[in-house]
Amino acid sequence: MTLTREPRSETEGLSISIVVYRPDLALLLSTLESVAMACRTLRVARPSFALRLTIIDNGGLPDIETSLDTLRGNSINCEILSGHGNIGYGCGHNLAIENAPYSFHLVLNPDIELDAQALANAVDFLDAHPEAGLLTPRIGDDAGRLQYLCRRYPTLVDLFVRGFLPARARRLFDRRLARYEMRDLINERDTVWDPLIVSGCFMVFRTTVLKTLAGFDSRYFLYFEDYDLSLRAHEVTRVVYAPVVRVLHHGGGAARKGGAHIRMFVSSAFKFFNRFGWKWL
């Protein structure tokens, strides 16, 4: 791995991109409310820090102007990009990444609830560790329990068991899944350097690193774009799990979202393994 320590962008700040397609309005509004709260906390510590939020509307975005006005009232520049159709998750984020003007960029799902200190802690951590170019947080589920979303390299069996088997059947493969999900290393307290794969639901990048990687690979419409980007990130920087940054994730797996999502999952998995190598067992 060749590490790069790119110079900072001219403007100290954080840009955030959220891609939506027919979003759950309650979840999206909760996400935006938590973003506003976390941005306020960040601003207390860094009054001159620039902030920008871009919503990429891939279709079906309801009226959220009231929430955006709240963000604008906290000196957060907000914009909605629309009219391009459903171009997929990664390509949607790339629309914002191409024009990201600040030193840090957050790729964020519309079903994430940020802790009030999440952004301030993320920026503080990256400032203290210039070798880190991609940060992933402690991610909790709806009940606040730790989700193990850092990954070792997947096998086809791992993906099938974790994504498609019911909970009772998954227990038979607990030892296998524990290894895949890095449960031996990931916990509530310890910083873990260089997890191979991290979740795309919340990824804080140094913007120079993200632009060096040219953002997400456009060949993935949905699923595995974060696996791909994580693996490529290791070629140019260090990746870090930092549990001092905390969020909640209210999302679900592909199998629980119906047949169309299963087909997209399988298609993206095929592209991923064709690029990085097949591992069956």
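Express in whole angstrom the spacing between the alpha-carbon centres of the stretch 206-230 and the stretch 43-77.
Their Cα centres are 23 Å away from one another.
Can you give the extra length, in nm with one decimal, that the chain gains between N86 and E33 once fully stretched, where that is 0.36 nm per residue apart less the Cα-Cα distance? Walk me through the numbers before you get to the answer.
Details: separation 53, 0.36 × 53 = 19.08 nm, distance 2.50 nm.
Gain on stretching N86 to E33: 16.6 nm.
Helix 118-128 versus the longest principal axis of the chain: what angle, 0 to 90°, nearest 10, using Cα atoms?
90 degrees
Expressed as an acute angle from 0 to 90° and rounded to the nearest 10, what is the orientation of the C-alpha long axis of helix 25-45 relative to the principal long axis of the chain?
60 degrees
Does anyone have the angle between helix 259-276 and the longest principal axis of the chain? Alpha-carbon axes, 0 to 90°, nearest 10?
90 degrees
Take peptides 54-62, 103-111, 216-224 and line them up by average Cβ neighbours within 10 Å, highest first, as a rough protection proxy.
Values: 54-62: 18.2, 103-111: 24.0, 216-224: 20.0.
The densest-packed peptide leads the list: 103-111, 216-224, 54-62.
Rule-based calculations on the coordinates, nothing more; no lab input. Predicted model only: the values in this text are computed from it and were never measured. FYI the Cβ positions are ideal-geometry reconstructions off the backbone, even for glycines, and counts take in every protein chain you see.
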